[in-house]
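Notes follow the structure.
The values are calculated or read from the model by the stated rules, or taken from the named source; none is laboratory data. Since we're looking at a predicted model, the values are computed, not measured. Cβ atoms come from the backbone with ideal geometry, glycine included; neighbour counts cover every protein chain shown. Note: areas computed on protein heavy atoms with side chains; ligands, DNA, RNA excluded. Shrake-Rupley method; radii C 1.70, N 1.55, O 1.52, S 1.80 Å.
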Amino acid sequence: MVNKGRRRLLLAILVIATTLSVVALEISFNPVQEGHVKATLIISFGSVKPYFMADHLVIWSKHDGNWTYSATAEANTTYEFINVSISTENVWSLMLAASSIMKETTGSGLNIQYTYYPEYQDYFITSIAGVSNGNGLYWQYYVNGQMAAFGVLHEKVSQGDVVKWALEPY
């Protein structure tokens, strides 16, 4: 006969083992691993010319496991990075991932310049691809069409989000 203390211990082990099995099943059937999302980054330069492919719509996308880009002549310059996978779900990580993709495909990244503000523990973007804030225009960004409420380190990015940067009057 099993004493009460031993019975409680066996029951606790059974509950823990059952819980771990359920967690393992939930993780294995989740198609998007926690902490990994795919989002799209759009950078609209307007009529200001960046250092790469000015006056073009440039689209980066992944084909057969490799990033490629295509360019079409346009009056203004726009970069689009489609379905970029990030593990840290914020705008800053999306920008860094896009910069890595650009460097991999063209030899040069986005060259993002910023000022860090310790009181906000966040970055203020001052330049993207050689195009700086100035003349009353500032880099501002939107998530799914809504102006961002936070800085790039604190603005969350979720599966399927579209983050758009635009050089605009503030």
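Annotations for the structure displayed:
- Selection count where residues are under 22 Å from TRP139 (Cα atoms), in contact with a Lys or Arg (Cβ under 9 Å, 6 or more places away or on another chain) and either exposed (fewer than 13 other Cβ atoms within 10 Å of the Cβ) or among the polar types (S, T, N, Q) (or both), scope the stretch 45-82: 1
- Some residue of the stretch 163-170 being crowded, with 16+ Cβ neighbours inside 10 Å, farther than 18 Å from GLU80 by Cβ and in contact with a Ser or Thr (Cβ under 6 Å, 6 or more places away or on another chain): no
- Summed over the stretch 85-106, residues that are assigned to a helix (DSSP H, G or I) and open to solvent by 40 Å² or more (accessible area, probe 1.4 Å) total 5.
- Residues in the stretch 127-157 that are part of a loop (DSSP other than H, G, I, E, B), open to solvent by 40 Å² or more (accessible area, probe 1.4 Å), at pLDDT 95 or above and among the hydrophobic types (A, V, I, L, M, F, W, C): 1 in all.
- Qualifying residue in the stretch 20-38 (condition: at pLDDT below 95 and either at positive phi or buried (at least 18 other Cβ atoms within 10 Å of the Cβ) (or both)): yes
- Here SER127 does not fit the description of being under 13 Å from the mean Cα position of the chain (by Cα) and small (Gly, Ala, Ser).
- Every condition in (1) in contact with a Gly (Cβ under 7 Å, 6 or more places away or on another chain); (2) in a strand (DSSP E or B) holds for TYR51 except the one numbered (2).
- In the stretch 134-147, the residues that are in contact (Cβ under 8 Å) with a residue 24 or more places away in the chain and closer than 14 Å to ILE43 by Cα: TYR138, TRP139, GLN140, TYR141, TYR142, VAL143
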